[in-house]
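Following: one structure in structure tokens, then a few remarks.
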Amino acid sequence: MGRNLSKRGNGEGTIFYREKLKKWVGQITLGVNSDGKQIRKTFYGDTRKEVKEKLDLLQREKQTGKDVGNTLSIVDIAEEIRELKYKTNSIKRASYIRIGESIDIMRKLLPYANIPIQNVTRSIINSQSQVLVSYSQSVITKVWQQLQGAFNEARIRNIVEKNPFELKGYLMKPKSNKATKKVDALTIKEQERFINELDKGYDDYTIVFYIAIYTGMRISEILALKREDLDFENKKIYVRKTLSHVDKGRILLEKTTKTYAGMRDVPILNVLYDKLIEYKIDKKKGFLFLKNGSFIHATNFNARFQKLCKNADIRVYKKRSSIKSGRKIKKVYEFDMTKSRVNTHMLRHTFATRCIENGVSPVVLQKILGHKDIQVTLNTYTDVFNEFKEKEIEKIDDFFNK
């Protein structure tokens, strides 16, 4: 018959193996409907353990009055949360899109994200989530946040009894098989060459790079600046807005920064103050960096930055080729900009690295960079802080050995 029955007692459900399907099957009676007919639920699994977990979960939910008849999936709930947050202005358009990308990964790669959430078990999550290891740790974390958020909402709605993502050690968060990217900042010598190249004064937009390397501001924050955001008297830049790049390359001016902490007052160093005056920024009105009356895409400055680094001979990949000159063959080196290892975000990291090297405390650096909490600053610049700590210990050692 293909049924190896395993009764568990009155009302506790049944587990059996169906040979034809090569699957374990679980069945449980949840109650009766308005017509007096029994409501039975049947589910399948590759192992008896998997089915037993589902059966135990349903039994607990039945006893505690959970909404066992709800068919919402993780993806359904995550989408509802995303839409609600956007409609209530809790998140900006850019965040709305980024969350959507995480949900798309869940929808396409995680089968358990598309079944009723109360049927999702620990073993299913741990086994099926392994596919995420091919993504960066940052992407995995964002997906994990959406999964956790969906379960939390389901618990609030009485659909599930607990949120497995909140139980320490209960789930195994996938670890990316990609190498962790270290903070990439310009060395002091590279910074000097870069500044020397900037000092040649390419165009009116060169000041953007001065602001970036002397404040640690994001390029998207700099490009959103208005004249009134610069306080020359008190030597401060009031960071209140940012540009977002939304669907189809459209640029959107956000009324706030990336996070609440991003709204901050950044000091204008004396060296930057002189450059702002040199470029007559104090004489401008309205938005400082427009092209033909429109905002400039931040990625455009990556190309400008790569060109500056090429001219300063900073980390630009050189490809070797040969040319024939008479009877001789000469080896020549050409710049291959497609393999350049530099980007404008390095300027933010360069500013932060110089701050740490010169003894600026993590708390102060957090405020200047606009990180939402101190942990972000510590995690981002762990290696830099550790290196600085070792140098400081050497100073202490030298002092006591005098």
Check your understanding: Which one of these is outside any helix (DSSP H, G or I), of a type in the set (Asp, Glu) and out of contact with any strand residue (DSSP E or B) (no Cβ under 9 Å at 6 or more places or on another chain): 161, 101, 83?
Key -> 161
Check your understanding: Does residue 262 count as of a type outside the set (D, E, K, R) and either in contact with a helix residue (DSSP H, G or I) (Cβ under 7 Å, 6 or more places away or on another chain) or within 26 Å of residue 91 (Cα to Cα) (or both)?
Key -> yes
Revision key, fill the gap. Scanning region 16-31 residue by residue, the ones that are of a type in the set (D, E, K, R) and in a strand (DSSP E or B) total 2
Check your understanding: Looking at region 116-139, is at least one residue at pLDDT below 95, buried (at least 16 other Cβ atoms within 10 Å of the Cβ), hydrophobic (A, V, I, L, M, F, W, C) and closer than 12 Å to residue 75 by Cα?
Key -> yes
Practice item. Mind listing just one residue for me: the one in region 284-313 that is hydrophobic (A, V, I, L, M, F, W, C) and farther than 12 Å from residue 243 by Cβ and, of those, surrounded by the fewest Cβ atoms within 10 Å (Cβ to Cβ)? Key: 303
Check your understanding: Can you name every residue in region 82-114 that is surrounded by 15 or more Cβ atoms within 10 Å (Cβ to Cβ) and aliphatic (A, V, I, L, M)?
Key -> 91, 94, 97, 99, 103, 105, 106, 109, 110, 113
Exercise for review: Using the structure shown, decide if residue 228 is of a type outside the set (Ser, Thr, Tyr) and out of contact with any helix residue (DSSP H, G or I) (no Cβ under 9 Å at 6 or more places or on another chain).
Suggested key: yes
Study note, to complete from the structure: Counting only residues in region 140-187 that are aromatic (Phe, Trp, Tyr) and crowded, with 17+ Cβ neighbours inside 10 Å, the one nearest to residue 216 (Cα to Cα) is identified as 144
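From the list 243, 276, pick out the single residue that is at pLDDT 90 or above and of a type in the set (A, V, I, L, M, F, W, C).
276
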Study note, to complete from the structure: A careful count of residues in region 169-204 that are touching a helix residue (DSSP H, G or I) at 6+ places or on another chain (Cβ under 7 Å) and not acidic (Asp, Glu) gives 16
Practice item. Would you mind telling me which numbered condition in (1) among the hydrophobic types (A, V, I, L, M, F, W, C); (2) farther than 27 Å from residue 385 by Cα; (3) surrounded by fewer than 18 Cβ atoms within 10 Å (Cβ to Cβ) residue 195 fails? Key: (2)
Review point. Within region 252-262, can one find any residue that is surrounded by 15 or more Cβ atoms within 10 Å (Cβ to Cβ) and modelled with pLDDT of 90 or more?
Key: no
**Study point:** Output for region 348-402, where each listed residue is closer than 24 Å to residue 187 by Cβ and among the small types (Gly, Ala, Ser)
**Key:** 352, 359, 361
Practice item. Could you please find all residues in region 113-158 being in contact with a strand residue (DSSP E or B) (Cβ under 7 Å, 6 or more places away or on another chain) and outside any helix (DSSP H, G or I)? Key: 115, 116
Study note, to complete from the structure: Pairs returned, first residue in region 1-25 that is at positive phi, second residue that is at pLDDT 55 or above and of a type in the set (A, V, I, L, M), beta-carbon separation under 9 angstrom, 6 or more apart or interchain, are 2/21; 11/28; 13/28; 13/55; 13/58
Exercise for review: Looking for whichever is of a type in the set (Asp, Glu) and touching a residue at least 60 places away in the same chain (Cβ under 8 Å) here; the options are 192, 197, 228. Which one fits?
Suggested key: 197
Practice item. Look through region 86-96, keep the residues that are in a loop (DSSP other than H, G, I, E, B) and free of Cβ contacts under 8 Å to residues at least 60 places away in the same chain, and return whichever of them is nearest to the chain's Cα centre (by Cα). Key: 91
Review point. Which ones in region 211-236 are in contact with a Leu (Cβ under 6 Å, 6 or more places away or on another chain) and part of a helix (DSSP H, G or I)?
Key: 212, 213, 214, 220
Revision key, fill the gap. Residue set 363, 332; condition at pLDDT 85 or above and either surrounded by fewer than 16 Cβ atoms within 10 Å (Cβ to Cβ) or outside any helix (DSSP H, G or I) (or both); output residue 363
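Looking at 287, 301, can you tell me which residue is aromatic (Phe, Trp, Tyr), more than 22 Å from the chain's Cα centre (by Cα) and over 19 Å from residue 91 (Cα atoms)?
Details: 301 fails: more than 22 Å from the chain's Cα centre (by Cα).
Going through 287, 301 in turn, just one is aromatic (Phe, Trp, Tyr), more than 22 Å from the chain's Cα centre (by Cα) and over 19 Å from residue 91 (Cα atoms): 287.
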Check your understanding: Name the residues in region 32-55 that are loosely packed, with under 11 Cβ neighbours inside 10 Å and either part of a strand (DSSP E or B) or small (Gly, Ala, Ser) (or both), would you?
Key -> 32, 34, 36, 38, 42
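The values are calculated or read from the model by the stated rules, or taken from the named source; none is laboratory data. Small disclaimer: the values here were computed from a predicted structure and weren't measured. Using ideal geometry, Cβ is built from the backbone for each residue, glycine included, and neighbour counts are taken over all protein chains shown.
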